[in-house]
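The values are calculated or read from the model by the stated rules, or taken from the named source; none is laboratory data. Keep in mind that what you see is a predicted model, and the values were worked out from it rather than measured. Cβ placement follows ideal geometry from the backbone for every residue including glycine, while neighbour counts extend to all protein chains displayed. These accessible areas exclude ligands, DNA and RNA; they are computed on the full protein's heavy atoms, side chains included. Shrake-Rupley method; radii C 1.70, N 1.55, O 1.52, S 1.80 Å.
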Amino acid sequence: MPTPIPSPVPPAYAPVPSAYALVATDLDGTLLRPDDTVSARSRAALALAASAGARHLIVTGRPVPGIRALVADLAYTGLVVCGQGTQLYDADSARLLRSVTLDREAADTALGKLEAEVGAVFAAVDQDGPEGVTLIERGYRMPNPTLPALRVDSRDALWERPVIKVLVRHPELGDDALAAAARGAVGDLASVTMAGPGTVELAPYGVDKGTGIAAAAELLGIGPERTVAFGDMPNDLPMFRRSGHRVAMGNAHPELRAAADEVTATNAEDGVAAVLERLFG
């Protein structure tokens, strides 16, 4: 069950007056360059937005342990929506404010239903909690080799502790085909999304980046119309639906480009910075 968001709103999170009061950015393929770094130009553009009164909100599929080094490098002290919306983390206090877990029996059943449709898949899980571990079964290859993971000997070992989501790969099917097959197979056992190359994920049903950004924005006291969002993959579509201005990266998936208000340059070309410089300069 979700952990309730603290109330009343802490003074540090009071609303701020600005045309765009919230800058919501995905990480991989968006704010991060291909080498997993944030460029000097992007850092300066985020500082420009902050000087105009806007807050930065990281909205990522990575679980909390996968973002700590990055937020420390950025000296980031705001909220972070992690794990496809399953976690809301306060970087300033290093505290997990909210977490929604995926029923493990339902997850195992969902994988079985998917395999009945497409054959054997390889699975991984992100465990719940601020110290949760990413576990991968034999045959699963991490899409991002810079993120830590622990290999286990059997699928049963994936379910030993509560999890927030399951990551699935197929030896032959592409990401779009696998995501479509998963949506048809799992029904309301889980929400299915594609978060990046080689990254099809199952999250708690009804939980996504949209519910995550809504929880963060409520705590911050900022409405969707004052939010500008940046993303690159279909898992960012729910975030787009909760934002007033939607920006797809030049390297974005066609589904996201079709839903965007504008398309900027690629993440390798500092596309986020280019838009922020225009909006806040």
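Results, tabulated for the structure shown:
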| quantity | calculated |
| --- | --- |
| Pairs where the first residue, in segment 253-281, is under 13 Å from Ser42 (Cβ atoms) and the second is part of a helix (DSSP H, G or I) and among the charged types (D, E, K, R), C-beta under 6 Å, 6+ apart | Asp270/Arg41; Ala273/Arg41 |
| Residue tally, condition on the phi < 0 side of the Ramachandran plot and surrounded by fewer than 16 Cβ atoms within 10 Å (Cβ to Cβ), over segment 134-143 | 2 |
| Residue match in segment 150-162 (condition: among the hydrophobic types (A, V, I, L, M, F, W, C) and assigned to a loop (DSSP other than H, G, I, E, B)) | no |
| Leu178, sole failed condition from (1) outside any helix (DSSP H, G or I); (2) touching a His at 6+ places or on another chain (Cβ under 7 Å) | (1) |
| Test: Leu135 is in contact with a strand residue (DSSP E or B) (Cβ under 7 Å, 6 or more places away or on another chain), under 17 Å from Arg68 (Cα atoms) and at pLDDT 95 or above | no |
| Lone unmet requirement of (1) modelled with pLDDT under 95; (2) in contact with a Lys or Arg (Cβ under 9 Å, 6 or more places away or on another chain) for Gly196 | (2) |
| Wholly enclosed helices (runs of 4 or more DSSP H) of segment 221-281 bearing at least 2 residues open to solvent by 10 Å² or more (accessible area, probe 1.4 Å) and in contact with a Gly (Cβ under 6 Å, 6 or more places away or on another chain) | 237-241 |
| Answer from Gly210, Gly223, Gly184 - the residue that is under 16 Å from the mean Cα position of the chain (by Cα) and either more than 20 Å from Val263 (Cβ to Cβ) or modelled with pLDDT under 95 (or both) | Gly210 |
| Any hit, segment 151-164, residues being open to solvent by 40 Å² or more (accessible area, probe 1.4 Å) and hydrophobic (A, V, I, L, M, F, W, C) | no |
| Residue selected from segment 8-39 under the condition modelled with pLDDT under 95 and assigned to a helix (DSSP H, G or I), by the criterion most open to solvent (accessible area, probe 1.4 Å) | Pro11 |
